[in-house]
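Peer 1: This is the structure I have questions about; it appears just below.
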Amino acid sequence: MIECPDCGDLIPDDSHFCDQCGAEILVCVNCGALGSDDFCEKCGKPMVARKDYSAKTSKGDVGGDDGGTTVGSPRQKKICLKARDGGFMLTPQDGAIIGRKDSPYADDLKELVNISRLHGKFLRQGRDWALVDLGSTNGSLINDVMLAANVPMKFKAGDVIDLGTYLFDVIER
């Protein structure tokens, strides 16, 4: 059994996705470490989908002069929310509160009075991201659609998110 890099649940050794949270299991092209980020926490090399890595390694296509970076297919780029008027970016973290207080984003948002202290939160749903409005005073919108309180709504690169009247473009990095 292996531990899911996202939720910590134990899953079968040959799993490509976590049965508990749905996270895709990724593998480092260089050292073989498992994870869920774009780059390995141990050596910094790119991570690929485990199913792609397994298919390539069974055919003997691992390694080479490039340090193993030819294995598998490229991963989807990370997304972030770029503030239109603030020059800062918010990088989604699963379960992270968005707000002016008790939030990993509080330093960037503290001057934005139309964002509630506990405005919303990010949720990871497999490879997708969702935003949940926590009953904020001024609300949250994705592409001009108002979010119902405590109901997750998915977003992706190219979308526009409005948090309490402040606009953020969802971009890939």
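Peer 1: Let me check something: with ligands and nucleic acids excluded, how do THR137, THR91 order by accessible area (1.4 Å probe), largest to smallest?
Peer 2: So the residues, ranked largest to smallest area, are THR137, THR91.
Peer 1: Still on this structure: Among LYS42/LYS82; LYS82/LYS121; LYS101/LYS156; LYS78/LYS110, which pairs are too far apart, with a Cα-Cα distance over 22 Å?
Peer 2: Distance filter (> 22 Å) returns LYS42/LYS82; LYS101/LYS156; LYS78/LYS110.
Peer 1: On to the next question. Can you check how the C-alpha radius of gyration of region 89-168 compares to 2.2 N^0.38 Å, as a plain ratio?
Peer 2: 0.96
Peer 1: Now a separate question. Ignoring ligands, DNA and RNA, how do VAL27, VAL151, VAL160 rank by accessible area with a 1.4 Å probe, largest first?
Peer 2: VAL151, VAL160, VAL27
Peer 1: Using heavy-atom solvent-accessible surface (probe 1.4 Å) with all chains present, what is the largest-first order of HIS119, HIS16?
Peer 2: On the way: HIS119 0, HIS16 65 Å².
Most to least solvent-accessible, the answer reads HIS16, HIS119.
Peer 1: Could I ask something else about it? Using a 7 Å offset from the Cα along the Cα-to-Cβ direction at both PHE88 and GLN125, what is the distance between the two label points in nm, to one decimal?
Peer 2: Here the answer is 2.8 nm between the modelled labels.
The values are calculated or read from the model by the stated rules, or taken from the named source; none is laboratory data. In this text, all values refer to a predicted model and were calculated from it rather than measured experimentally. Here the Cβ is made from the backbone with ideal geometry for all residues, glycine too, and neighbour counts use every protein chain on show. These accessible areas exclude ligands, DNA and RNA; they are computed on the full protein's heavy atoms, side chains included. Shrake-Rupley method; radii C 1.70, N 1.55, O 1.52, S 1.80 Å.
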